[in-house]
Amino acid sequence: NANGTFTISVDVNETLVFSYVGFTKQEIVVKDQTQIDVKLESAVSSLDQIVVVGYGTQRRKDLTGAVASVSNRELKDLALTRAEQSLSGKVAGVQVKAVSGEPGEPPQIRIRGIGSISAGASPLYVVDGFPTDNIQTLNPNDIETLDILKDASATAIYGSRGSNGVVIINTKRGRAGKTVLGFDAYYGVQQVLKIPKMKNSMEQAQYAYDGYRNNNLDLGNSVDGPPETWKVKVPQEILDVLSGKNTYDQEPLDEVLHTAPMQQYQLTASGGTENFRFAVAGEYMNTDGIILNSWFKRYSLRANFDAKLSKRLTLRLNLNPSYTNKSALPVYTGSDGSMMGSALGTFNWIPLRDPQ
């Protein structure tokens with residue numbers, strides 16, 4: 001009946017088989033028993049891979065929308081400054097392109113191309129359920145899973161904000177067990193792969209001298225006699241180099257570019273019990289640019305707490321205080337040149353530093 005009580009007539013050596021959906025099957029030999037009490041155990045089977053979507057989670061085989069996932073195992077060995085860099089070359093249909101060489105500058109991300117010409121084309125980021133348009137303060141090592149929602153059915157919950165795709169990021173949380181301490185560190189350097197070979201001071205002065213001479217010839221002017229007497233005169237600073245009066249020869253690019261160090265240090269602690277779990281991570285990151293006086297620094301602390309207050313009530317607390325400091329050099333803005341442009345346009349015979 002509905003309570004599980006049963007009556008059956010069998011021979012002594014018969015075997016009774018008890019089964020129910022979701023429970024482990026049991027076989028019991030009757031022998032001389034007149035009353036048999038059976039307690040079935042739940043059948044524990046491995047879960048299918050699930051994917052985070054806008055409304056919660058779904059089994060991957062039941063998913064109809066276009067979703068791609070990146071796990072922390074694919075990120076842990078990468079030296080990343082920003083979390084967006086983890087998408088580069090890992091997800092089909094997602095284009096990650098660096099827009100400048102500034103340290104800490106966010107890359108340009110396009111999910112399935114550009115959806116608008118006049119409006120923004122960047123995706124929406126959702127970190128632990130909170131939408132944001134900037135994840136500069138997020139430590140890439142804190143990421144547990146990263147899911148990219150590509151189409152309208154998957155991003156419907158976010159409305160127009162998700163029209164360019166949604167990047168859902170879940171950070172690491174504590175697990176029941178002994179407290180685990182971890183320390184991660186990396187140090188590296190970056191430098192220009194190839195610097196153009198430029199003329200020295202004498203070659204530049206001779207090139208300029210020939211240019212003035214040809215200009216006079218093109219205008220029909222005489223180039224007989226000293227260059228100071230030509231109608232289009234050669235500047236004295238060029239003549240000083242050619243005569244050996246000015247022997248200064250300094251490559252401006254050597255004074256602007258340098259080998260830039262990059263380093264990151266992180267201390268983590270995680271653990272807890274079945275009713276209370278925690279994960280805490282502190283990070284210091286410092287990346288210098290290959291151009292002098294450019295850098296990006298980040299100090300961040302992430303603390304995730306999970307408290308099971310009852311069978312039906314769980315409290316989650318996410319804290320992420322952070323501080324970033326960035327030194328960005330001016331880029332080309334019309335008449336004003338960038339530092340690289342100024343260095344390339346400066347003659348080697350001009351002193352780069354004021355006399356002491």
query = Restricting attention to the range 221-235, does a residue exist that is closer than 30 Å to Pro103 by Cα and in a loop (DSSP other than H, G, I, E, B)?
reply = no
Flagged in the range 258-284 as over 30 Å from Leu317 (Cα atoms) and surrounded by 19 or more Cβ atoms within 10 Å (Cβ to Cβ), in numbering order, are Ala260, Met262
Among the residues of the range 295-316, the number that are touching a strand residue (DSSP E or B) at 6+ places or on another chain (Cβ under 8 Å) and more than 18 Å from Thr137 (Cα to Cα) is 8
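For every residue, the table says whether it meets (1) closer than 20 Å to Ala92 by Cα; (2) surrounded by 10 or more Cβ atoms within 10 Å (Cβ to Cβ); (3) modelled with pLDDT of 85 or more.
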{"site": "Ile8", "(1), (2), (3)": "no, no, yes"}
{"site": "Gln26", "(1), (2), (3)": "no, yes, yes"}
{"site": "Val29", "(1), (2), (3)": "no, yes, yes"}
{"site": "Ile36", "(1), (2), (3)": "no, yes, yes"}
{"site": "Gly56", "(1), (2), (3)": "no, no, no"}
{"site": "Arg60", "(1), (2), (3)": "yes, yes, no"}
{"site": "Ala66", "(1), (2), (3)": "yes, yes, no"}
{"site": "Val70", "(1), (2), (3)": "yes, yes, no"}
{"site": "Arg73", "(1), (2), (3)": "yes, no, no"}
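Looking at this structure, is Asn164 closer than 27 Å to Ser294 by Cα, outside any strand (DSSP E or B) and either in contact with a Ser or Thr (Cβ under 9 Å, 6 or more places away or on another chain) or open to solvent by 50 Å² or more (accessible area, probe 1.4 Å) (or both)? Quick ask: steps written out before the conclusion?
Working: closer than 27 Å to Ser294 by Cα: no; outside any strand (DSSP E or B): yes; either in contact with a Ser or Thr (Cβ under 9 Å, 6 or more places away or on another chain) or open to solvent by 50 Å² or more (accessible area, probe 1.4 Å) (or both): yes.
The answer is no for Asn164.
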The lone condition Asn293 fails out of (1) at negative phi; (2) surrounded by fewer than 19 Cβ atoms within 10 Å (Cβ to Cβ) is (1)
When you scan the range 298-312, do you find a residue that is in contact with an Asp or Glu (Cβ under 7 Å, 6 or more places away or on another chain), open to solvent by 30 Å² or more (accessible area, probe 1.4 Å) and among the aliphatic types (A, V, I, L, M), even just one? no
Taking the range 138-161 and keeping only residues that are at pLDDT 85 or above and assigned to a loop (DSSP other than H, G, I, E, B), one is left with Leu138, Asn139
Selection from the range 222-276 of residues of a type outside the set (A, V, I, L, M, F, W, C) and within 27 Å of the chain's Cα centre (by Cα) yields His258, Thr259, Pro261, Gln263, Gln264, Tyr265, Gln266, Thr268, Ser270, Gly271
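Suppose we filter the range 182-220 for residues that are touching a strand residue (DSSP E or B) at 6+ places or on another chain (Cβ under 9 Å), of a type outside the set (Asp, Glu), open to solvent by 70 Å² or more (accessible area, probe 1.4 Å) and not in a loop (DSSP other than H, G, I, E, B); how many remain?
Initial filter on the range 182-220 (touching a strand residue (DSSP E or B) at 6+ places or on another chain (Cβ under 9 Å)): 182-192, 195.
Checking the rest, the ones that are also of a type outside the set (Asp, Glu) come to 182-183, 185-192, 195.
Going one step further and asking which of them are open to solvent by 70 Å² or more (accessible area, probe 1.4 Å), we end up with 183, 187, 189, 191, 195.
After this cut, where a residue has to be not in a loop (DSSP other than H, G, I, E, B) as well, the list is 183, 187, 189.
So the answer is 3.
The values are calculated or read from the model by the stated rules, or taken from the named source; none is laboratory data. Here the structure is a predicted model, which is why all the values come from computation and not from measurement. Note: ideal-geometry Cβ built from the backbone for every residue, glycine included; neighbour counts use all protein chains shown. To get the accessible areas, we keep the full protein, side chains included, count just its heavy atoms, and leave off ligands, DNA and RNA. Shrake-Rupley method; radii C 1.70, N 1.55, O 1.52, S 1.80 Å.
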